[in-house]
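For reference, the structure is listed below as structure tokens.
Nothing in this text is a laboratory measurement; each read-out follows from the coordinates by a stated rule. All values derive from a computational prediction rather than experimental measurement. Positions of Cβ are backbone-derived with ideal geometry, glycine not excepted, and every protein chain shown enters the neighbour counts.
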Amino acid sequence: MTSFSGRSGTAILQDSLREFSTSVYADLKGSKPKTNLIFSPVSIAVALYNLLLGARGETRTQLEDALRLPSEFFCVHFETKKLKEVIKDTLGMCFIPLLSASTSKKKKKMHF
């Protein structure tokens, strides 16, 4: 388990994602408070994590601040990979198998 300041990398990533998600929600909702809002904070964060790979200096610092990551938290990609596995395993029980081509030709309906 990766550690940083006595905390696991998983705990750091979870906390930063929670804070980042709340911040993004507040910013987006603040611009149009009476509208519905759907967004994926994890997708946004993962896209920004990829920018961290090549970012240095002030750019890296700005990304870390925006993502609510501690400075020089270099295991973000390793921890994100672990998180994706947990999400994949958890969501696996929610997905309904897609209809095969032969089944869909019969126009079967699925009721929920």
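Can you list the chymotrypsin sites (Phe, Trp or Tyr not before Pro) in region 1-76 that are in a DSSP coil and have 11 or fewer other beta carbons within 10 angstrom?
On the way: sites: 4, 20, 25, 39, 49, 73, 74; in loops: 39, 73, 74.
Loop-located and lightly packed - 74.
For region 9-67, what is the Kirkwood estimate of the hydrodynamic radius, computed as the reciprocal of the mean inverse distance between distinct Cα atoms, to one decimal in Å? Walk me through the numbers on the way to the answer.
On the way: mean 1/r = 0.0801 Å⁻¹.
Evaluated on region 9-67, it is 12.5 Å.
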